[in-house]
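Here the structure is laid out as structure tokens; the discussion comes afterwards.
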Amino acid sequence: MNEPAVQASRLRKSFGPRDVLHDLSFEVRPGEVIGVLGKNGAGKTTLLELMLGYSTPSSGEVRIFGAESQRMPGDVKRRVGFVPQQDELLYQLTVAEQLRVIASFYPKWDHELISRLCGAWGVDPQARIKSMSVGERQKLSIMLAFGHRPDLLILDEPVASLDPLARRQFLEQLVELSAEGQRAVVFSSHIVSDIERLASRIWILKEGRLFWEGDLESLKESVSRLHIRFGGATVPNFEIPGVINQRAQAQSVTAVVRDWTPAIQQSFEERYSVTVEQESLGLEEIFLELHR
Amino acid sequence: MRAVGRLLLTYFTGTTATRWLTITGLLLILASVYVVLYLPQTEHMLALAWPGLIAFFFGSSLMPLTVGRLSQSHSSCVLPGARIKLLASVILTVMLVALPAGLLAPLAFFAGTSGNIDEFLKWTHLFEWSLGIMLIVYTSGCIVAIWLYVFIWFVSSERKLAGYAKGIAVLVVLALISAGESREEAELVESNLKQLAFVLVVFSAGFLNWPRLKRWYAGRQRSQPRAASTSARDFAGSEIDLLLGNSRPWILIAVLLLPLVLTIRMGVGSPGMWLLYLAIASVVAGGNAEKAPARSRALWLRSEGSRGALFDAVERSAWRHNGFVLLALVLFLLGIGAFAGMSPAQMVAGVSLVVLGTVLSTYLGLMLTRGVRVPESVLGIIVMMSLAVVAVMTANDGIRYWIVAAALAALAALAGILRSLARSRWARIDWSSCRRDAQPNMRIG
């Protein structure tokens, strides 16, 4: 039961000459909620599709509950739920018909949960999918992924089309579901506050690499902004340890650094005769600074 | 098994239209069983069976789109046993829709020869022969159903020229298969079974291995970076024609003429058949206009004219495209008319028919500012049936030409009505109502 829900080793994906993901290795344990952050084109969707076996890695492998993602047997698939970025519903059908079709593929289906969600999210079971708004379709896609109570939920920007109220309801439901038993959740989003609120661990993808993998507190402790003040008019030729980016202003330099410690600060101040002021950052600021 | 059962039920009853078609089809088939078994035998005893079989088949028309959508989406990776269950549902659907024809044929034969079961069974060779008939009709029904589903898939999933072209190619294949020489019963059964086995094995292997094939193909495509397209062809045509997909009539001309040329090779030569084929081709020629409402939004956003002016521009563009296609069809008709021995009067009527077919379908296409709903579907069927009836009437040597002329005049009047209807709809076009919602080929970026 304690086997990793997802296990990837040396995962690489390239499209022709372009490497989209480089050498990723990670694990998702049961009970963890992973928030995947990255700007457009960072490789989030590609990573989630590799997990599902929808796409083949150029090298390396992904295992879902011990089975290779490309060849997941039925009993493993029963433990996986997925919400795609754009809905993949059968537009000719009604909500109830679509739910019945998908439910028929699973031996167990939580009809009570689905009817509760239909009520709470205002989705009419008799509505024809074709006539529903994008947000309503997204709610239905989420319900379809929840219905068989999967042990691993993979969600690709699930809240992108939802209004703030529906987003809040969805997040509450996700918290409730992830708290049940040992369910693992991997979800990508552009909305940093959602990830901050939900995720027990954060992955930040930058240019196809896992720039950060860890919990939010460690990330906040690790990445900080420095205000370096110096006396002269010209910017000294600094070598800032662990620098991510830096900007020079009049008589000061602002730098974002990783793993800055008091010892490093002391030696830096002595070496360049400067004063350094360290500032903690929130997740959104960290994300913006990483991509500046 | 539960999933396969649910899929089958969804194919036949998923929407109100398919539900009614299925029920109507089944009722008509049951009624024709009654007619065959209990009413006096006439040449019209299967009159109810044909519409019943057609309705039952179209009752399951949701199948290709549903299977295509589920098998191409992420669902195929996540749903347990998705591909095998979908494949099973496809095969069972084909077997089910062909079943009524397979059962009705020997019943009709039984009723026609004896009507008394004890007597019928005594004549072993009659019993065996009727079983043979059942096998032939059933296997032929399966083959026809498979090709018609492929046709529906191409036409409904790729609602563009390439899709229609593939659909027509499928119909040509079906026509070529059906036009095979008449053979002995046993030979025909064997040939049908071989065809079925071949199609099912190839389809099943392709369907089950599709993800692998797709990945392999995508890998090959991606490893060959394409040079930036700067050929003159990409900039040909006016902007409006490019936006509406009306810049290359030659493709449609080739698509329409190829099956017609193949038909010459098959030796089909009766004037009636040619007029019917050309009437169908003229409808396809005009069908290109159905994309205009959805595609015209980009034009509206950058133009300053009224919706009426937009309609005029779109109409001119449609005719710049369809005019060439129509010209090609008329030239083909004149050529083939001489070859098939059509009289001058038949030629004149044929040309009028082709012109009217293109005009009617062009305005029917331009009318679709709210997508295809029941009234538009009914109108489309009426137009198609009327053209077919006039084609058959024209080819009939015994008919009086004033009747054909009156029918053509009625069609011309209908074309005028459709144009005004299209124009009035464009005056209040709402682009959110004519957007293309069904996009089965969704690639998540």
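When the pairs A:Lys13/A:Lys206; A:Lys39/A:Lys206; A:Lys77/A:Lys108 are compared against a 18 Å limit on Cα-Cα distance, every pair falls at or below it. Counting only aspartates and glutamates at least 8 places from B:Lys166 when in the same chain, those with an alpha carbon closer than 16 Å to its own are B:Glu158.
Which one, B:Trp20, B:Leu208, A:Gly282, projects farthest toward the positive side of the charge dipole computed for the protein assembly as shown from Cβ point charges (K/R +1, D/E -1)? Farthest towards the positive end: B:Trp20.
Cross-link partners of A:Lys44 among aspartates and glutamates, defined as those whose alpha carbon lies under 12 angstrom from its own and excluding same-chain residues fewer than eight positions apart: A:Asp156, A:Glu157, A:Glu207.
Take the Cβ atoms of B:Thr124 and B:Val173, set R0 to 41 Å, and the FRET efficiency comes out at 0.60.
Loop-located trypsin sites (Lys or Arg not before Pro) in segment A:1-104 (DSSP state other than H, G, I, E, B) with a sparse environment of at most 15 neighbouring Cβ atoms within 10 Å: A:Lys39.
Between the C-alpha center of segment A:140-158 and that of segment A:118-136 there is a gap of 16 Å. DSSP beta bridges confined to chain A are antiparallel in about 70 percent of cases. Given C-alpha coordinates of chain A, what is the ratio Rg to Rh with the Kirkwood estimate of Rh? Ratio of gyration radius to Kirkwood radius: 1.06.
Short version: ³J(HN,Hα) in whole Hz for each residue of segment B:134-150, in order, from phi by Karplus 6.51 cos²θ - 1.76 cosθ + 1.60 (θ = phi - 60°), x for Gly and Pro, what are they? Once θ is set to phi - 60°, the couplings for segment B:134-150 become 4, 4, 5, 5, 5, 5, 5, x, 4, 5, 4, 4, 4, 5, 5, 5, 4 Hz. Calculated mean residue ellipticity at 222 nm for the protein assembly as shown: -19500 deg cm²/dmol, from DSSP H runs with n ≥ 4 weighted as -39500 (n - 2.57), summed, divided by the residue count and rounded to 500.
Along the axis of the charge dipole computed for the protein assembly as shown (Cβ charges of +1 for Lys and Arg, -1 for Asp and Glu, origin at the Cα centre), the listed residues B:Phe127, B:Ile429, B:Ser140 are led at the positive end by B:Ile429.
Between A:Glu270, A:Glu112, A:Glu97, the residue with the greatest mean-square fluctuation in the GNM of chain A (Cα pairs under 10 Å linked by springs) is A:Glu270.
With a simple spin-label model that places each label point 7 Å from the Cα along the Cα-to-Cβ direction, the separation between A:Ile264 and B:Phe203 comes to 6.4 nm.
Taking the centroid of alpha carbons for each part, segment A:21-56 and segment A:65-117 are 20 Å apart. Among A:Ser141, A:Ser200, A:Ser104, whose mean-square fluctuation peaks in a Gaussian network model of chain A (Cα, cutoff 10 Å)? Greatest mean-square fluctuation among the candidates belongs to A:Ser104.
Amide H contacts of A:Ile154: A:Gly81, A:Phe82, A:Val83, A:Val186, each under 5 Å away and 5 or more positions distant or on a separate chain (H built 1.01 Å from N in the peptide plane; Pro and chain starts excluded).
The modelled label-to-label distance between B:Trp402 and A:Val243, using points 7 Å beyond Cα along the C-beta direction, is 9.9 nm. Largest first and in whole Å, the equivalent-ellipsoid semi-axes of segment A:186-260 read 31, 12, 11, each the square root of five times a Cα gyration tensor eigenvalue.
Projected label points at B:Gln41 and B:Trp250, each 7 Å from Cα along the beta carbon direction, are separated by 5.9 nanometres.
Counted over segment A:75-232, the DSSP beta bridges are approximately 40% antiparallel. Shown here are the Rg and Dmax of the Cα trace of the protein assembly as shown, at 32.3, 118 Å. Annotation: Cα Rg of segment A:169-226 relative to the compact-globule expectation 2.2 N^0.38 Å equals 1.25.
Within 10 Å of the Cβ of each residue in A:93-104, the mean number of Cβ atoms contributed by other protein chains is 4.
For segment A:275-287, 3J(HN,Hα) computed residue by residue from phi via the Karplus equation (6.51, -1.76, 1.60; θ = phi - 60°) reads 10, 10, 10, 9, 10, 7, 10, x, 4, 4, 5, 4, 4 Hz, glycine and proline entered as x. Basic side chains Lys and Arg get +1 at the Cβ, acidic Asp and Glu get -1 at the Cβ, and with that the dipole of the protein assembly as shown about its Cα centre reaches some 1200 debye. What fraction, in whole percent, of alpha-carbon pairs in segment A:87-143 exceed 19 Å separation? Within segment A:87-143, distances greater than 19 Å cover 19 percent of Cα pairs.
Readers should treat all values here as calculations from the given coordinates under stated rules, not as data from a laboratory. Everything numeric in this text was worked out from a predicted model, so none of it was measured. Cβ atoms come from the backbone with ideal geometry, glycine included; neighbour counts cover every protein chain shown.
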